[in-house]
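This report concerns only the one structure given below.
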Amino acid sequence: MRRAALSVVTAIVVASALAAQEPAAPGGRGGRGRAAQQIKSGEECPPGTTLVRVGQCQSPEWPAPSIVDYRPTSTLVVDEHPVPRAKFPVVDIHSHTGPTMESVGRLIGEMDGLNIRVLNNLSGGYGAELKQKVDFNRSTKFPNRFTVFANGLNGFRDVEAGYGRKAAAQLEEDVRAGAIGFKIFKQTGMDTLKKDGTRLKINDPELAPLWETAARLNIPVIIHTGEPQEFFQQPTLHNERWLELALFADRRQYLNKNVTFEQLVAERDDLFKKHPKTRFIAAHFGWHANNLGRAAKLLDEHPNVVLELAAILYDLGRQPRAGHNFFVKYQDRVLFGKDTYAPAEFPYYWRVLETTDEYFDYYRDYHAFWNLYGMGLPDAVLRKVYYQNALRVTPGLPQSGW
Ligand SMILES: [Zn+2]
């Protein structure tokens, strides 16, 4: 009783601190606060109010904190099994980090602690830049720990007749220099313009020599298409990514007049279909992790495609049972990737994949306003997701010692 009274006082103090310009919050304990407003069935509560009874909305007596300030502490007491180190060695197929003279020792220490065996840098560039990166990796004491994918000639800018052949020749040279795959960044297909000023579609026939060359050289193509579909929607208060859109101007695809999410996906799928001999890795689950039925359809229709799970952990962690079933069914079709190299963040991935922990904290509020649950994948599936699928899809990875 005493404790409850104390926490009411605390809440009042916090609320007043959050809105110092407001008069002190009323401290009364009687009654039910403000009068309720009636709504009709099917109607939403007006802004500033919340449903308190069927058909009745009420505003809080204290000024409501903003979504960045409201950070409730969960009182759930339940078994916890943090996983600082992955159970099996990991290939991070989707990284943008490679070693430098200064960082290599630190990186290896961190990777060993997390059990990351190979960090694959997708930002290899092409030509001299790519060769320099590969040569540096090979010059370190850890040549098997760092690998590189090549990128498109001239960043796919100003594509015109003849580009495809030139870019394919460049890719061939880059693979000879040591690239083990090819990466397409999200701008390509979405924003990058051709020489004639039109948007370069990812299924443009001019690019066909690239995909055919990747197939002949037996290297995978990892493709980041689009963005989460909510980025293409107006940032209303119903948009799951409102905060992220409010934080980062470069994610506001709803302002992009050139293309929609569905167009991008259709062009990508057409690319997959037209080049069945080319192995594609759809980065970020193809942005279908919020709709695993759609992800399954993508895999069923395109045997040449696998998925990679970077930056969609919040979607897996909110559907642990559907996620578990998907990973078991498609255990040969998912690769591990993280995108941002941040040693503190990897353990959240291990925990979602390995444990059956419930309702645990996620590290990035702007991705998700919810907590995560573990999928509890069996060891055989974990091994495939962590490294075996990557080794099969990317023959240029170090194949021995696993
Ligand atoms: Zn990336």
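Computed from the coordinates by the stated procedures, all read-outs in this text should not be read as laboratory data. A quick note: this is a predicted structure, and the numbers were derived from the prediction, not measured. Note: ideal-geometry Cβ built from the backbone for every residue, glycine included; neighbour counts use all protein chains shown.
Taken one residue at a time, the phi angles of the stretch 336-345 give Karplus couplings (6.51, -1.76, 1.60, θ = phi - 60°) of 7, x, 10, 6, 6, 7, 9, x, 5, 8 Hz. Gly and Pro are set to x.
Computed from phi, the 3J(HN,Hα) profile of the stretch 257-264 under the Karplus parametrisation 6.51, -1.76, 1.60 (θ = phi - 60°) reads 7, 7, 7, 10, 4, 5, 4, 4 Hz, with x in place of Gly and Pro. Taking amide H as placed 1.01 Å from N in the peptide plane, the amide H of Val334 sits under 5 Å from that of Leu307, each at least 5 places away or on another chain.
Peptides 166-178, 44-56 ranked from most to least packed, by the mean per-residue count of other Cβ atoms within 10 Å: 166-178, 44-56. Give me the angle, in degrees from 0 to 90, between the Cα long axis of helix 2-18 and the longest principal axis of the Cα atoms of the chain, rounded to the nearest 10. Taking the Cα atoms of the chain, the angle to 2-18 is about 60 degrees.
Using only the Cα atoms of the stretch 182-325, build the gyration tensor, take square roots of its eigenvalues as a ≥ b ≥ c, and label the shape rounded, prolate or oblate: rounded if a/c is under 1.5, else prolate if a/b is larger than b/c, else oblate. The shape class here is oblate. Using a Cα-Cα cut-off of under 17 Å, which lysines could be cross-linked to Lys194, ignoring same-chain neighbours fewer than 8 residues away? Hits, sequence-local ones excluded: Lys166, Lys186, Lys257.
For Gln233, the residues 5 or more places off, or on other chains, whose built amide H falls under 5 Å of its own are Tyr254.
Secondary structure note: in the chain, about 25% of the DSSP beta bridges are antiparallel.
Using only alpha carbon pairs under 8 Å that are at least six residues apart, calculate the relative contact order of the stretch 90-393 and give it in whole percent. RCO, the stretch 90-393: 16 percent.
The calculated Kirkwood hydrodynamic radius for the stretch 347-402 is 13.0 Å, given to one decimal from all distinct C-alpha pairs.
Pairing the Cα long axis of helix 292-301 with the longest principal axis of the chain, what angle in degrees results, from 0 to 90 and rounded to the nearest 10? Between helix and principal axis, roughly 20 degrees. Sort the stretch 154-194 into rounded, prolate or oblate with this rule: let a ≥ b ≥ c be the square roots of the eigenvalues of the Cα gyration tensor; rounded if a/c is under 1.5, and if a/c is not under 1.5, prolate when a/b is larger than b/c, oblate otherwise. Oblate, since a/c reaches 1.5 and b/c is not below a/b. Per-residue Karplus couplings for the stretch 116-126, computed as 6.51 cos²θ - 1.76 cosθ + 1.60 with θ equal to phi - 60°, are listed in order as 8, 7, 10, 10, 9, 7, 7, 9, x, x, 8 Hz, Gly and Pro entered as x. Under the rule a/c < 1.5 gives rounded, and otherwise a/b versus b/c splits prolate from oblate, where does the chain land using the Cα gyration tensor? Prolate. Report summary: the helix-based calculation at 222 nm, which adds -39500 (n - 2.57) for every DSSP H run with n ≥ 4 and divides by the residues of the chain, gives -9000 deg cm²/dmol. Among Ile202, Ile39, Ile184, the largest mean-square fluctuation in a Gaussian network model of the chain (Cα springs under 10 Å) belongs to Ile39.
The alpha carbon centroids of the stretch 378-402 and the stretch 147-226 are separated by 26 Å. Using a Gaussian network model of the chain in which every pair of alpha carbons under 10 angstrom is joined by a spring, one finds that among Gly197, Gly98, Gly376 the greatest mean-square fluctuation is at Gly197. A cut-off of 5 Å between modelled amide H atoms, ignoring neighbours fewer than 5 places along the same chain, links Val148 with Asn121, Ile180.
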